[in-house]
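The values are calculated or read from the model by the stated rules, or taken from the named source; none is laboratory data. Since the structure is predicted, the reported quantities are computational estimates derived from the model, not experimental observations. FYI the Cβ positions are ideal-geometry reconstructions off the backbone, even for glycines, and counts take in every protein chain you see. All accessible areas refer to the heavy atoms of the entire protein, side chains included, with ligands and DNA or RNA removed. Shrake-Rupley method; radii C 1.70, N 1.55, O 1.52, S 1.80 Å.
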Amino acid sequence: MSELLDQLNEPQREAAACTDGPVMIIAGAGSGKTRTLTYRIAHLMELGVDPFHILALTFTNKAANEMKERIIKLVGGEGRNLWMGTFHSIFARVLRAEASKLGYTSSFTIYDTDDSKAAIKQIVKQLNLDPKTYKPSFVLNRISMAKSNLLSPKDYQENPEIYQTDIDSKRPAIGQIYVMYDQRLHNSNAMDFDDLLFNMNILLRDFPDVLLKYQQRFRYIMVDEYQDTNYAQYLIVKKLAARNQNICVVGDDAQSIYAFRGANIQNIFNFKRDYPDMHLFKLEQNYRSTQNIVNAANSIISRNRDQIQKELWSDNGVGSRIRLIRAVDEKDEGMRVADSIQNFRLGEDAEYRDFAVLYRQNSLSRSVEDALRKMNIPYKIYQGLSFYGRREVKDVLAYLRLAINPHDDESLVRIINYPTRGIGQTTMDKIRVAAADNDISIWTVLENIQSFGLPIQSGAVQKITEFVYMIKRFESQVPSVDAFTLAKQIVYASGIIKALREEDDPESAERIENIDELMNSVQEFCEDEQEIPEGPEAQEAPSKSFRTLDEFLQQVLLYTSEDKDKDKDANKVSLMTIHAAKGLEFPYVYVVGMEEQLFPSFLASSRAELEEERRLFYVAVTRAEKQVTLSYAQTRFNNGQRMGGEVSRFVEEIDPQYIEIPSVRRSMPEPGTLPRAFFNAGKPAPEPQARFKKKAAPTYVNHGPAVVNSPAEINSIMPGMKVSHEKFGIGKVLGVEGAGDSRKATVFFEGVGQKQLMLKFAKLSVVE
């Protein structure tokens, strides 16, 4: 066996050495999954496999880049020729090469979520629909669901079950919006993120020659985090692997936590069904955490019925038991967590960056943030607004995108009058109507503005002509000028920097710094070594010694939020949801809000949903290297009411030998001063002490149930909403009638049936 593999432990070595046929590697938390994949790819290359024939799919650019860097260190520059990246980036690369088969050009734009929402918002307006009923986020989720299940606009409209669901939610026009949205994308020569998977499936389904081409190219396929794949991803991988059957999937069913995004855990459970002769390897040695943390995690996940059996172990020493903080309320919880962080930092000679505070829902961070600020502890909210999501960065990117694809309607609308150039909203409304009436892009109208005879003032026509000329000038330079030089020209020609300097806004300086940082990223991209094209690509690609703007945008438009985070290395405590913590590790981890109805969430109403919540808790615990601290509050404000709470069942499921249960501290109320009902979950608590006097409803967003009391809240109940009833449980509003105190709702409750309720008395809770 290869000397290269001698650096792996025995299970890792066996998995990396098994190169042919179907392979499934079940990699427990902290078991060296990335290391095993890296060495497996390096071993394939050592055996003589051409890197151009190896496809490695990941879920983040960060993971792909880390693996590629490691492989290059092991095998040299040939590692740059691997087809390695996220599902979306790899398939975008294929789709650009084959774009003409699907009616696109290779310079198609990729819409992010904001672009898609803006397009849907405009379509809703065009159809004279109620924007409150047809919220862009809701409509986009429905369309995304359809695309993830490979349902075209036509399939969607012809599916009676889907149509009935839309009728029940009082949104019967979603199918029509989907049709118009799809057409708008085509007119704009654009695809959204879901299209990259949807169209890849269409390409492989409808063009057998293309399928054969990529089956022959991708002779060895590896998929990371296989438990997170959705239906569309599963089908693509299965089709590509069908010819050679050299497919290796790596994952951990115990860390499947993305069902809400469409991930299907059955993909990993059914791998043996799809490939009966597959080889199974289990990586069970945890290199991250102490033995106590690993044992606690095992005891947690053992409660799940649906799982692939494995037993993690560690030789990192026994370590400390899991600690439990029992707080009086959320303020007390925040202060105890902050105090504990400070004590560990000083006592263990740790850095602030060694600590992470995790939570099930974002609203739980508020009290922790308050406490950290009071104690002057620096912190950052992880995966908030990403660098590429900032307004000024998106403005610059819109100009860059137009230079590549002028038909990109969303980019055009975003910046045609920014900075102000005399092309107002009234003018744009007339141009939009002309584009919609003729089923063409807005750019086509602008290019031929005189031909349409629109009632637009001559001054605005002149400004439009100047704008078109500017964009065409940028477009003409794309093939012949390097990305950094052209981007720099565009930024200054656009006038954005000048406009920001003239703004009377203290944040303008930071916005200019962010644009400078974007320019730095373009320059870094230009300085990176280029991948060498192979085969037909080498013949088709023009010979040049520089990297172009379209190449930069192909990369940047698929960045995830962690790929460009200026603050990621700062010495600060990290605050984040548990979902955001997946794939990360910290010496000290705190999980706050460990209460029933919060974690597990009150929305977990089935065994499958409860098991996913438990897997989420397993992920939280296994992020820690040295110490896990859990905390819960005995009372917590919820929409202006103080509610009693009880400790999460997940805490009670941890084997007692691995957790340290605290005794009641003297700061707690004396026994007998509070009635037992004070601690009952979901019921208003009495106020025997001044600190618990009822306060005004907080202004921050709370994602728990909101009790309906006021007439305004009663009137906010609308068809399609998910609601909770104290007696009947979770239900869906099918219809509403009447007004004021006579307003009634027809609600379907799972396991109970349909009920008609008088909203004034029903006390429904809106599930947000």
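What to note about this one:
- Complete set of residues in the range 308-323 that are surrounded by fewer than 19 Cβ atoms within 10 Å (Cβ to Cβ) and under 30 Å from the mean Cα position of the chain (by Cα): Ile308, Gln309, Lys310, Glu311
- Of all the criteria given as (1) open to solvent by 50 Å² or more (accessible area, probe 1.4 Å); (2) modelled with pLDDT under 95; (3) out of contact with any Phe, Trp or Tyr (no Cβ under 9 Å at 6 or more places or on another chain), the one not satisfied by Leu212 is (2).
- First in the range 300-323 and in contact (Cβ under 8 Å) with a residue 24 or more places away in the chain and at positive phi, second anywhere and open to solvent by 90 Å² or more (accessible area, probe 1.4 Å) and charged (D, E, K, R), Cβ under 9 Å, 6 or more apart: Gly319/Lys626
- Subset of the range 186-203 (residues that are in a helix (DSSP H, G or I) and in contact with a Ser or Thr (Cβ under 6 Å, 6 or more places away or on another chain)): Asn187, Asp194
- Subset of the range 720-768 (residues that are hydrophobic (A, V, I, L, M, F, W, C), modelled with pLDDT of 75 or more and open to solvent by 40 Å² or more (accessible area, probe 1.4 Å)): Met721, Ile730, Leu734, Val736, Phe748
- Of all residues in the range 603-637 being at pLDDT below 85 and within 21 Å of Ile300 (Cβ to Cβ), the one that is surrounded by the most Cβ atoms within 10 Å (Cβ to Cβ): Leu603
- Of all residues making up the range 100-109, the number that are farther than 19 Å from Ala403 by Cα and either of a type in the set (S, T, N, Q) or open to solvent by less than 10 Å² (accessible area, probe 1.4 Å) (or both): 1
- Qualifying positions in the range 456-495 - charged (D, E, K, R) and either touching a His at 6+ places or on another chain (Cβ under 6 Å) or under 21 Å from Gln554 (Cβ atoms) (or both): Glu475, Asp482, Lys488
- So Asp429, is it over 19 Å from Thr109 (Cα atoms) and surrounded by fewer than 13 Cβ atoms within 10 Å (Cβ to Cβ): yes
- The criterion of at least 1 residues that are of a type in the set (A, V, I, L, M) and farther than 21 Å from Val294 by Cα is met, among strands (runs of 3 or more DSSP E) falling completely within the range 567-662, by 573-577, 624-633, 641-644.
- Evaluation of Asp182 against the conditions (1) under 24 Å from the mean Cα position of the chain (by Cα); (2) touching a residue at least 40 places away in the same chain (Cβ under 8 Å) shows that the sole unmet condition is (2).
- A residue that is surrounded by fewer than 19 Cβ atoms within 10 Å (Cβ to Cβ), modelled with pLDDT under 90, touching a Ser or Thr at 6+ places or on another chain (Cβ under 9 Å) and of a type in the set (D, E, K, R) cannot be found anywhere in the range 571-593.
Every residue, every condition in (1) at negative phi; (2) in a helix (DSSP H, G or I); (3) not acidic (Asp, Glu), yes or no:
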site	(1), (2), (3)
Asn128	no, no, yes
Pro131	yes, no, yes
Ser137	yes, yes, yes
Ala146	yes, yes, yes
Leu150	no, no, yes
Tyr156	yes, yes, yes
Ile162	yes, yes, yes
Lys170	no, no, yes
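- Filtered residues of the range 358-392 (kept if at pLDDT below 90 and of a type in the set (Val, Ile, Thr)): Ile381
- Pairs where the first residue, in the range 47-62, is over 14 Å from Phe91 (Cα atoms) and small (Gly, Ala, Ser) and the second is in a helix (DSSP H, G or I) and open to solvent by less than 10 Å² (accessible area, probe 1.4 Å), C-beta under 9 Å, 6+ apart: none
- Looking only at the range 163-198, and only at residues there that are surrounded by 19 or more Cβ atoms within 10 Å (Cβ to Cβ) and β-branched (Val, Ile, Thr), the one that is nearest to Met721 (Cα to Cα): Ile174
- In the range 642-656, the residues that are over 11 Å from Gln597 (Cβ atoms) form Cβ pairs under 6 Å with partners that are of a type in the set (S, T, N, Q) and modelled with pLDDT of 90 or more, at six or more places apart or across chains, as follows: Ile654/Ser299; Asp655/Ser299.
- Selection count where residues are modelled with pLDDT of 90 or more and farther than 28 Å from Gln307 by Cβ, scope the range 42-68: 14
- Matching residues, the range 218-232, being open to solvent by less than 20 Å² (accessible area, probe 1.4 Å) and not acidic (Asp, Glu): Phe218, Ile221, Met222, Val223, Tyr226, Gln227, Thr229, Asn230, Ala232
- Test: residue in the range 416-423 that is in a helix (DSSP H, G or I) and either under 27 Å from Val124 (Cβ atoms) or among the polar types (S, T, N, Q) (or both): no
- Residues of the range 354-382 satisfying the condition of being of a type in the set (A, V, I, L, M, F, W, C) and in a helix (DSSP H, G or I): Leu364, Val368, Ala371, Leu372
- Wholly enclosed helices (runs of 4 or more DSSP H) of the range 204-292 bearing at least 3 residues in contact (Cβ under 8 Å) with a residue 12 or more places away in the chain and either of a type in the set (Ser, Thr, Tyr) or out of contact with any Asp or Glu (no Cβ under 6 Å at 6 or more places or on another chain) (or both): 208-217, 231-241, 271-274
- When the range 638-677 is limited to residues that are open to solvent by less than 80 Å² (accessible area, probe 1.4 Å), among the polar types (S, T, N, Q) and over 25 Å from Ser363 (Cα atoms), the one that is modelled with the highest pLDDT turns out to be Ser667.
- If the condition is being of a type in the set (Gly, Ala, Ser) and touching a residue at least 60 places away in the same chain (Cβ under 8 Å), then the range 16-46 contributes Gly21, Ala27, Gly28, Ala29, Gly30, Ser31, Gly32.
- Qualifying residue in the range 110-117 (condition: over 25 Å from Arg261 (Cα atoms) and surrounded by fewer than 15 Cβ atoms within 10 Å (Cβ to Cβ)): no
- Put simply, of Asp168, Asp155 the only residue that is closer than 22 Å to Met191 by Cβ and not small (Gly, Ala, Ser) is Asp155.
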